[in-house]
Amino acid sequence: MNLLGFRTGLHLATAAVALLLLPALTACGGSGTADGTTPGGVKASPAPTADPVAAVRKVASVAALLPADVRKAGALRVGSAIGFPPGAYYPDGAQKEPQGQDIDIADAVAKVLGLRLKRQDASFETILPALGSSKYDVGTGNFGVTTERLKTIDFVTYINDGQGFAVKKGNTALGTKVTRLTQLCGMTVGTGAGTTFEAALTAQKRVCAKAGKKPYDVKVFSENGAILTALQQGRIDVEMSTINGLRYQTAQPASQSTFLGEFHRLDVGFAFKKGSPLTPAFQAAVNELIKDGTYDRILKKWGTTASAISESRINPPEHK
């Protein structure tokens, strides 16, 4: 999503949004319980069974772009934020490994590079600082590329997602689309800790006063399931999250929420410590996957083809 993303859950169900997958999805930071059910008691569904990563092989010319010590070690430490579908999540208690678009893309890149990923679940807001301390070699979690983040982080893009809004089904106060933040004035907005959503809402909070309106209130949550529960219970009026995440969430009848459209697009990428020598190899690996069709097959599996990019870039400027 920047999360774009939210805090990791346990090796179980993902939040109340990880419900029965739509047929369209099976064809093409969460909270869970020990029996693999969501907080609302709904059994989380398995992930789609297609495996477009299985056929990916090492590409020697791309792997040669890696630093010699990395090629020798044969592995990278990955800080991974596991949140909600379709990005990265734990589908149910029977599946011990995370699933999702971000997981598949990272695994495919690793195969092109001939590397193993030592994935460590981490809360979204801790991963970028940990890159600076060299705890991880790379971070994943639907991290949006922003001007502020580019000051300390290098990115290799792999998808274009962004920011959107959702309300409880039946709430018509915002109409069918949010196009400006002044529409939120006087409302309570729920979003994730450490995300671009929180940053955008905080930075622009004065827009309501300038418009002569009551300011909006921002409530920050560390788990996506808690945001949806708050929306369903009326403790927040609107939810701000990733475009793809909200599209998935609102397509699930049990979520009882409605998507209010795209607000702001952002490139999303693998995150690295500033100056990392890994970025050229990762960029080349993503572009290899785009060229051979694996990338398209991964996005079709997760229903996110509308967010496809034509080529990977290193540190592109933020979309304005």
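The values are calculated or read from the model by the stated rules, or taken from the named source; none is laboratory data. Here the structure is a predicted model, which means the values were calculated and not measured. Counting neighbours? That spans all protein chains shown, and the Cβs are built from the backbone with ideal geometry, glycine included.
Table for the structure above
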quantity: Output for the stretch 180-200, where each listed residue is part of a helix (DSSP H, G or I) and at pLDDT below 95; calculated: 196, 197, 198, 199, 200
quantity: Count - residues of the stretch 244-294 that are aliphatic (A, V, I, L, M) and either in a strand (DSSP E or B) or in contact with a His (Cβ under 9 Å, 6 or more places away or on another chain) (or both); calculated: 4
quantity: Check on residue 273, in the same structural domain as residue 72 (by TED's automatic domain parsing) and over 25 Å from residue 71 (Cβ atoms); calculated: no
quantity: Members of the stretch 93-116 that are buried (at least 21 other Cβ atoms within 10 Å of the Cβ), part of a loop (DSSP other than H, G, I, E, B) and in contact with a Pro (Cβ under 9 Å, 6 or more places away or on another chain); calculated: 98, 100
quantity: All positions within the stretch 152-179 that are outside the structural domain of residue 127 (by TED's automatic domain parsing), outside any strand (DSSP E or B) and of a type in the set (Val, Ile, Thr); calculated: 172, 176, 178, 179
quantity: Some residue of the stretch 245-255 being at pLDDT 95 or above and β-branched (Val, Ile, Thr); calculated: no
quantity: Verdict on residue 207 being of a type in the set (A, V, I, L, M, F, W, C) and closer than 24 Å to residue 307 by Cα; calculated: no
